[in-house]
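**Q** A single structure is presented below for examination.
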Amino acid sequence: MADSGDPLCRPASEEELSRPLSVVDQAGWLGGSIAGKRVLCLAAGGGRQSSLYAAAGADVTVVDLSGAMLELDRRVAAERGYRMRVLQMTMEDLSGLADAEFDIVIHPVSTCYVPSVAPVFAEVARVTRPGGLYISQHKQPISLQAGYQRSVDGFPVRHAYYRDTPIPPPDVMSASAKRLREHGAIEFLHRWEDLVGGLCRSGFVIEDLIEPLHAKRDAAANSFADRATYIPPYVRIKARRIGSSSTTTAKIITP
């Protein structure tokens, strides 16, 4: 994706970098300024997220599993003079980062690539200071369950909700499916108890939750916007780290 110039791997534009907070914080969750804040862009390589937060004045660390994606972050930082730390590691093991190191953790859609979100949330809780924010976006379970071709009754549910195996790829890679499922990626469904309950069990309190709107009533049948009218593709969660400075290590509790 990085080599092909996929839209998800394109750095922010000049216009976006001139107003970075309005781009990344449309919900107003970051409080108007992040200047001087220690921000972790988790599983967020590609040059976009890191550059926007750096342009807003944050002290940025970007973590990703892909060296090719991180190279885009290094390139943007060099071109624009941004200071940022770039680290290649998995979101399930952030052992290269210190306890309570970050004021804000920003996590775009990527938890779908791991079998369980519990170790991810535990690691995020460990590296987030008490009172810090964790803003994450995830694929909604129903979006991974449902098909991509509309029938007279809407979009059919094709895959079981209770499962621990990957979701099969789309039968046909339509334009809508390409926006919802990365070609060749192995993806897992995470239930609401995994996402919302898992955050709470890991040491966070949820302060807000939104479903980014992609629906259009007059959209062409079977398009991305048409499917989003029936099935919200994503959920974005604002969570705050609880606890004191002496209790920053999260404990995973199995329900």
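**Q** Output the relative contact order of the chain, whole-number percent, from Cα pairs under 8 angstrom with separation of 6+ residues.
**A** Working: 516 pairs, mean separation 43.9, N = 255.
For the chain, the relative contact order is 17 percent.
**Q** Name the residue farthest towards the positive end of the dipole of the chain from the options SER18, GLY32, MET173, assuming +1 on Cβ of Lys and Arg, -1 on Cβ of Asp and Glu, about the Cα centre.
**A** Farthest towards the positive pole: GLY32.
**Q** Let me ask something additional. Given an 8 Å cut-off on Cα distances and at least 6 residues of separation, report the relative contact order of the stretch 49-186 as a percent. Please report the intermediate quantities before stating the final value.
**A** Working: 159 pairs, mean separation 23.2, N = 138.
Computed value for the stretch 49-186: 17 percent relative contact order.
**Q** Grab the eigenvalues of the alpha-carbon gyration tensor for the stretch 26-83, scale each by 5, take roots, and send me the semi-axes largest first in whole angstrom.
**A** Working: eigenvalues 79, 32, 16 Å².
For the stretch 26-83, the semi-axes come out at 20, 13, 9 Å.
**Q** Which residues in the stretch 50-75 place their backbone N less than 17 Å from a point set 7 Å from the Cα of ASP93 along the Cα-to-Cβ direction?
**A** Residues 63-67 fall inside that zone.
**Q** Let me ask another. For the stretch 113-236, what does the relative contact order come out to in percent, with C-alpha contacts under 8 Å and a separation of six or more? Can you show the working numbers first?
**A** On the way: 163 pairs, mean separation 41.7, N = 124.
The normalised contact order for the stretch 113-236 reaches 34 percent.
**Q** Using unit Cβ charges (K, R positive; D, E negative) and no other charged atoms, how large, in debye to the nearest 20, is the dipole of the stretch 172-240 about its Cα centre? Write down the numbers at each step before the final one.
**A** Numbers: 11 positive and 9 negative charges, 22 e Å.
Using Cβ point charges on Lys, Arg, Asp and Glu, the stretch 172-240 gives about 100 debye.
**Q** Just add up the charged neighbours of PHE155: K/R +1, D/E -1, any other residue whose Cβ is under 10 Å from the Cβ of PHE155. Provide the component values of the computation, followed by the final result.
**A** Working: positive: ARG150, ARG158, ARG227; negative: ASP153, ASP226.
In short, +1.
**Q** Out of every Cα pair in the stretch 79-199, what percent are spaced more than 24 Å from each other? Show your work: numbers first, answer last.
**A** Working: 2826 of 7260 pairs.
When all Cα pairs of the stretch 79-199 are counted, 39 percent exceed 24 Å.
**Q** Here is a further query. Count charges around ILE206 for me, please; just the other residues with Cβ under 12 Å from its Cβ, Lys/Arg as +1, Asp/Glu as -1.
**A** Details: positive: ARG201, ARG236, LYS238, ARG240, ARG241; negative: GLU207, ASP208.
Result for the neighbourhood of ILE206: +3.
**Q** Hey, another quick one. For the chain, give the magnitude of the charge dipole about the Cα centre (Cβ charges: +1 Lys/Arg, -1 Asp/Glu; no others), in debye to the nearest 20. Mind dumping the intermediate values first?
**A** Working: 29 positive and 29 negative charges, 62 e Å.
For the chain, the charge dipole is close to 300 debye.
**Q** Please give the peptides 121-130, 149-158, 44-53 ranked by average Cβ packing (other Cβ atoms within 10 Å per residue), highest first, as a rough proxy for protection. Walk me through the numbers on the way to the answer.
**A** Numbers: 121-130: 23.0, 149-158: 12.2, 44-53: 26.6.
The packing order, highest mean first, is 44-53, 121-130, 149-158.
**Q** Considering amide H positions built from the backbone, and no H for Pro or chain starts, which residues 5 or more places from VAL62, or on another chain, come under 5 Å of its amide H?
**A** Long-range HN contacts for VAL62: CYS41, ARG85, VAL86, LEU87.
**Q** Moving on to the next point. By how many nm would the segment from HIS183 to ILE206 lengthen if fully extended, with 0.36 nm per residue of separation less the alpha-carbon distance?
**A** Details: separation 23, 0.36 × 23 = 8.28 nm, distance 3.22 nm.
Using 0.36 nm per residue and subtracting the Cα-Cα distance, I get 5.1 nm.
**Q** Oh, and also: Count the lysine pairs in the chain that are 8 or more places apart or on different chains: how many have C-alpha atoms under 21 angstrom apart? Intermediate values should be presented prior to the final figure.
**A** Values: LYS37/LYS238; LYS139/LYS178; LYS139/LYS216; LYS139/LYS238; LYS178/LYS216; LYS238/LYS251.
Value for the chain: 6.
**Q** Net charge near GLY67: determine it from the other residues with C-beta under 12 Å of the C-beta of GLY67, scoring Lys and Arg +1 and Asp and Glu -1.
**A** Values: positive: ARG74; negative: ASP3, ASP64, GLU71, ASP73.
So the environment of GLY67 carries a net charge of -3.
**Q** With a probe of 1.4 Å, find how much accessible area the stretch 72-139 has per residue, and write the answer as a whole number in Å².
**A** Numbers: 2540 Å² over 68 residues.
Per-residue value: 37 Å².
**Q** Could I ask something else about it? Using only C-alpha atoms and all pairs of different ones, pull out the Kirkwood radius for the chain in Å with one decimal.
**A** Numbers: mean 1/r = 0.0526 Å⁻¹.
Averaging 1/r across every pair of different Cα atoms and inverting gives 19.0 Å.
**Q** Please give the calculated 222 nm ellipticity per residue for the chain, where each DSSP H segment of at least 4 residues contributes -39500 (n - 2.57) and the sum is spread over every residue; nearest 500 deg cm²/dmol?
**A** On the way: 9 runs with 62 residues, N = 255.
Counting only the DSSP helices, I get -6000 deg cm²/dmol.
**Q** Taking all protein chains as present, what is the carbon and sulfur share of the accessible area of the chain, in % to the nearest whole number, probe 1.4 Å?
**A** 52 percent
**Q** Taking the Cβ-Cβ separation of ALA78 and ALA160 as r and a Förster radius of 35 Å, what is the calculated FRET efficiency to the nearest 0.05?
**A** Values: r = 47 Å, r/R0 = 1.34.
Step by step, r from the Cβ atoms, then E = 0.15.
**Q** Sticking with this one: Just to verify a number: what accessible area does GLU207 come out at with the full protein assembly present, 1.4 Å probe, Å² rounded to tens?
**A** 90 Å²
The values are calculated or read from the model by the stated rules, or taken from the named source; none is laboratory data. The model shown is predicted, which means the values in this text are computed figures rather than measured ones. Cβ atoms come from the backbone with ideal geometry, glycine included; neighbour counts cover every protein chain shown. Keep in mind that these areas ignore ligands, DNA and RNA; they rest on the heavy atoms of the full protein, side chains included. Shrake-Rupley method; radii C 1.70, N 1.55, O 1.52, S 1.80 Å.
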